[in-house]
Structures are given as structure tokens and as C-alpha cells.
Amino acid sequence: MGTASRLLLLLHNLLLLPPGAFGFAPSLDSDFTFTLPAGRKECFFQPMRHGASLEVEYQVLDGAGLDVDFYLESPKGEILVFHQRKSDGVHTVETEDGDYMFCFDNTFSTISEKVIFFELILDNMGEGEQEDWKKYITGTDLLDMKLEDILESINNVKARLSKSLQIQTLLRAFEARDRNIQESNFDTVNFWSMVNLGIMVVVSAVQVYMLKSLFEDKRKSRT
């Protein structure tokens, strides 16, 4: 049997595998952007399993000070991470069975609302439910190429693609935050420019009036 025929046989057997039979390391990514009003706190819950990994990354995109309080709580009620008045952060924890809670707290601010972006990266969420794919493969004893190598290569490609998507998402978040800062600076510069222009106009009018009053002849003419 030639190499091409063996490769076709391998691909045919892979296509016959039931869904979920591959031994890929599962990874779930999600992101969310929301507005946190002044004096409010928002909490989110994420169910996790034992032996998995939870990574939380957040950024304050808009709002006075670009800061927020953040904490991460385990299913047992233990505070795993607590940060005060931070503009961004990245935290990774090894998890156990249960719901993890992470909160963003803006109660210290009485005026300014905050626009917050966060991303969750969940690794090894379904390894315990993966079926043994080897029992579905037949006729591969004579293959020169090992199935494990193919799956390892696919897993590497998948991991790198996931990392690329994560980096692109973070770059969009950085771009949004920088744009908000630039727009805020632009409005501030325009406001103070108008204030300075108004002061210059008033000062010029006062100077003209004072100079004019110096050259006026205040002596009354006698008839």
C-alpha cells in the first residue's frame, strides 16, 4: 500500500469518527463590554470544573480616572484576587467544581460611569467527557504516519489561532480605550481654547477702552 493510499485511508477513518471523539484540548474564549454606572457594582458567574483553568483579563475603556475595583471569588467564598482602582489586569487560577464569581465595583465614584471590557479564557473544560478516539480507528497498523502526531499538530494550530484571536481582541480594546482618551483630550483642549479666546477678547476690549480714555479731553469748553 502506497503512502497516498494510506493517507486516504487515515482520512476516511477520521471522517467516520463520531462528534466529540477527537482528543483535542478544549478551550473556550468569550469577551464582553458593558457600562458600569457610578455607585454601582456588577458581578458575573462562570461555572468551572475541577482541574480546569480560568483566565480573566479586563480593561477600563472609558470613564474618569480609567479605574475600577475588581475581585475574584471561589465557589467556597474565598477571595482569590482583589485589586483597587486599577485600569487593567490579567489573572489566571486553577479551578475546582463550582461557580466562580468576579465583580467590578464602581461604588467609590459618585459621578463618572465606566466602560469596561473583559475576556474569559477557559482551558481544559471538557477533557473528562472526551471519548477514547483510538477504539474508532481501524486499519492503521501499517500507516507510516502516526495519528497522535496529526492530532498534536492540529492542537498546536488550534492553540495558535486562539492566541491570535485573543491578541486581536485585546488590540481592539486598547484601540477603543486610546480613542476615548484622545476624544476626551480633544474636547478638553477645545473647551479651554474657547475660554482663552474669550479672555483675550475681553482683555482687548478693556485695553482699547483704557487707551481711548487716556486721550480724551476732559476739559469743559467755556463759551
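The values are calculated or read from the model by the stated rules, or taken from the named source; none is laboratory data. All values reported here derive from a predicted model rather than from experimental measurement. Ideal geometry is used to build each Cβ from the backbone, glycine not excepted, and the neighbour counts take in all protein chains shown. These area figures cover heavy atoms from the full protein model, side chains too; ligands, DNA and RNA do not enter into them. Shrake-Rupley method; radii C 1.70, N 1.55, O 1.52, S 1.80 Å.
The table that follows gives values for the structure above.
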read-out: Net +/- balance of residues flanking G89 in space, Cβ distance below 12 Å, scoring K and R +1, D and E -1; value: -4
read-out: Restricting segment 34-128 to GluC sites (Glu not before Pro) in coil, as DSSP defines it, with at most 16 other Cβ within 10 Å; value: E78, E96, E113
read-out: Spin-label proximity, H91 to segment 158-172 - amide N less than 19 Å from point 7 Å beyond Cα toward beta carbon; value: none
read-out: Coil-residue trypsin sites (Lys or Arg not before Pro) of segment 41-90, DSSP, other Cβ within 10 Å capped at 14; value: K76
read-out: Environment charge at N185 (Cβ cut-off 15 Å; Lys +1, Arg +1, Asp -1, Glu -1); value: -2
read-out: Where F174, F34 fall by accessible area, highest first, once all protein chains stay in place (1.4 Å); value: F174, F34
read-out: Taking segment 25-127 and dividing mean pair separation by its residue count, relative contact order in percent (alpha carbons under 8 Å, at least six apart); value: 51 percent
